[in-house]
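Structure first, then comments.
The values are calculated or read from the model by the stated rules, or taken from the named source; none is laboratory data. Computed from a predicted structure; not experimentally measured. Backbone-built Cβ (ideal geometry, glycine too); neighbour counts: all protein chains shown. For accessibility, only protein heavy atoms count, side chains too; no ligands or nucleic acids. Shrake-Rupley method; radii C 1.70, N 1.55, O 1.52, S 1.80 Å.
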Amino acid sequence: MKLKSNLLAVAVACSFAAISIVASAQTLRVADQGDALSMDPHSLNETLQLSVDGNMYEGLTGRNKDLTLAPALATSWKQISPNVWRFELRKGVQFHDGTPFTADDVLFSFQRASADGSDMKSYTSDFKDVRKIDDHTVEIETKAPNPILPSIISTVYMMSKKWCEANNAVKPVDRRKGIENTASFKENGTGPYRLRERQPGVRTVMERFGNYWGKVEGNVQEVVFTPIGNAATRVAALMSGEVDVMEPVPVQDIARVNANAATKVLTGPELRTIFLGMDQKRDELLYSNVKGKNPFKDIRVRKAFYQAIDIEGIKNTVMRGQSRPTALMIGPGNNGWTAEQDKRLPYDVEAAKKLMVEAGYPNGFEVAMNCPNDRYVNDSQICQAVAANLAKINVKINLQAETKGTYFPKILRRDTSFYMLGWTPSTYDAANAMHALMVCPDDKTGAGQFNLGSYCNPKFDELTAKVESETDPVKRLADIKAGFKIFADDVGSLPLHQQYLAWGMSKKVSLVLRADNIMDYKWIHISK
């Protein structure tokens, strides 16, 4: 035991030393349980990556501190016809290499984001044309009226056409296939910070871009981002002063961090919904002892799984109260959420057993469950709890928990039968979740790009199309509710909860806790 303790102490000391090497008065030291997997802003539609990359890259639109839509690389926009939005681009903006930002970069970036391998193509799937009016004016024509287009594209970041062509980065990095290019390790955005050093899985260093077009309210000149997967090490780094900000704080450590004289925890509900998906397409379920058929195609099996999960138990024991059980694929704070629809099926093991018997599985079956262990709050522990719940209806779960670096490429290839995923609608609107998570997958358009279980109901798709083009708010909400009812009646997925954010920080740091879990370094101030 003493040898193990000494080795742990050495490992912790080495981690702290690596973080501290470049520390200075205006250096912000950030630790997270995982790493941004690429510097390519189109390679992975995942919050941590969008958060890190979003300090170096920008979209035409952005977000204010209260998450309302804000001008970014476009100063204004207007709908000049039902299917056409016109964007006036900001003048005098430079990429980090000094190249001017123009309409040519906008056309190139949207084309790149729409290409095979891009994880952002679902945001551009409604595009019919993107055209240049002049160097600082572009128009986006959609296939149907799209009343929330400026919100939809807020995380589609702009890249330099010239730089991508010169650095063999014209095509997006495809994480599913393990393909990388220059954009994986280098960047050339327009944001307030630029990349100085990139060591994947070890450290990412950014520095303030002196020619940034916008206002930087904070005083952070340098950011050192360090992934620390071990929760205890991460908490120790914060409480000892080796890092200034870290997330997430394990729910069991929140009180201890708050009791420390130099640290505190900011908590608040997140817009993200955590859910479980099931393969509903294959005729034979992968990674299962069931041969010749797919149990998840039977609604009785899906409903049995739902009713066998003790969500209140997960909230109380695994999440320590830091979650909000949900019945919907979106939570409060997103347009289209209603309390009347957010009512779960009752937890009822006996009812679940009866459904399994009716479906022809009185003795249950075996199936592999894929989960990350470093992406969501207590993700692997939640999956362990679900596995224990399902054992009560004779379902044996072979849990495969792994780092998100290998997890996401696997499930994004749909190489899974049962999986966990979390989703924050980047538009803060139900249409985003409906289009990305719930419509029938279409690889050509990007619709249903993250519907990894391939749930499919044409009636739901018809309502989603109406929601995406309806301009009357009352009619639109009615269509959203009708769509959510179809999905719930079909048990299209197993919604679990909205997790709570818990950011640990030095009391010398002031920052903005965004409900979408995006961290803007330009708003952070460090006092001496």
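Shown in residue order for the stretch 92-103 are the 3J(HN,Hα) couplings computed by the Karplus curve 6.51 cos²θ - 1.76 cosθ + 1.60 at θ = phi - 60°: x, 8, 10, 6, 5, 8, x, 5, x, 8, 9, 4 Hz (x for Gly and Pro). For the stretch 285-410, the relative contact order works out to 29 percent when only alpha carbon pairs closer than 8 Å and six or more residues apart are counted.
Extension gain for LYS132-ILE179 works out to 13.8 nm (0.36 nm per residue, less the C-alpha to C-alpha distance). For the stretch 506-521, putting each phi into the Karplus relation 6.51 cos²θ - 1.76 cosθ + 1.60 with θ = phi - 60° gives couplings of 5, 5, 7, 9, 10, 8, 10, 8, 8, 5, 9, 6, 8, 10, 8, 5 Hz, in residue order, rounded to whole numbers and with x for Gly and Pro. The Cα atoms of the stretch 431-522 define a convex hull whose projected area, averaged across directions, is 8.8 nm². Amide hydrogen proximity for THR75: with H placed 1.01 Å from N in the peptide plane, the residues at 5 or more positions away or on another chain lying under 5 Å are GLU88, LEU89, ARG90.
Pairwise Cα distances in the stretch 22-70 exceed 18 Å in 45 percent of cases. Cα centroids of the stretch 33-59 and the stretch 439-479: 26 Å apart. A Förster distance of 30 Å, applied to the separation of the beta-carbon atoms of LYS78 and THR338, puts the FRET efficiency at 0.50.
To the nearest 0.05, what FRET efficiency results for CYS440 and LYS396 with a Förster distance of 45 Å applied to their C-beta separation? Computed FRET efficiency for CYS440 and LYS396: 0.90. Counting only Cα atoms, the stretch 367-459 measures 37, 27, 23 Å along its principal axes, largest extent leading. Label-to-label distance, GLU284 versus GLN94, with points set 7 angstrom from Cα along the beta-carbon direction: 6.2 nm. Size of the stretch 193-236: Rg and Dmax of its alpha carbons, in Å, are 13.4, 40.
For the stretch 261-420, dividing the convex hull volume of the Cα atoms by the residue count gives 138 Å³ per residue. Per residue, the chain reaches -7500 deg cm²/dmol at 222 nm when only DSSP H runs of four or more residues are counted, each adding -39500 (n - 2.57).
Given 37 °C and 0.692 mPa s, how large is the Stokes-Einstein diffusion coefficient of the stretch 195-304 in µm²/s, with Rh as the Kirkwood radius over Cα pairs?
Translational D for this selection: 174 µm²/s.
If every alpha-carbon in the stretch 483-528 counts as one equal scatterer, what log10 I(q)/I(0) does Debye give at q = 0.19, 0.26, 0.30 1/Å? Result of the Debye calculation: -0.71, -0.99, -1.12. In the context of the full set of protein chains, residues of the chain present 39 Å² of accessible surface per residue (probe radius 1.4 Å, heavy atoms only). Ligands, DNA and RNA left out, the accessible area of the chain computed with a 1.4 Å probe is 51% carbon and sulfur.
The fraction of all Cα pairs in the stretch 451-490 landing in successive 5 Å bins from 0 to the largest distance is 6, 26, 31, 21, 11, 5, 1, given as whole percents. Using all pairs of distinct alpha-carbon atoms, the Kirkwood hydrodynamic radius of the stretch 98-208 works out to 15.3 angstrom. Report the normalised scattering of the stretch 48-123 as log10 I(q)/I(0) at q = 0.16, 0.21, 0.26 Å⁻¹, calculated by the Debye formula with identical scatterers on the alpha carbons. The Debye formula, applied to the Cα set alone, gives -0.73, -1.26, -1.47. Working from Cα pairs under 8 Å separated by at least six residues, relative contact order for the chain is 20 percent.
One compactness figure for the stretch 225-268 is 1.03, namely its Cα radius of gyration divided by 2.2 N^0.38 Å.
3J(HN,Hα) along the stretch 247-260, derived from phi through the Karplus expression 6.51 cos²θ - 1.76 cosθ + 1.60 where θ = phi - 60°, amounts to 7, x, 7, x, 4, 6, 10, 4, 4, 5, 5, 5, 6, 6 Hz, with x in place of Gly and Pro. Enter the Cα centre distance for the pair the stretch 300-377 and the stretch 126-191, rounded to the nearest angstrom. If we compute the Cα centre of each part, the gap is 37 Å. Per the Kirkwood formula applied to alpha carbons, the stretch 256-334 shows a radius of gyration over Rh ratio, Rg over Rh, of 1.15. Calculated over the stretch 370-528, the projected area of the Cα convex hull averaged across directions stands at 12.6 nm². Counting 0.36 nm for each residue step from ASN258 to ALA166 and taking away their Cα separation leaves a gain of 28.2 nm.
Summarising the strand pairing of the chain, around 75 percent of its internal DSSP beta bridges are antiparallel.
According to the Cα-based calculation, Rg over Rh for the chain is 0.96, with Rh computed by the Kirkwood formula.
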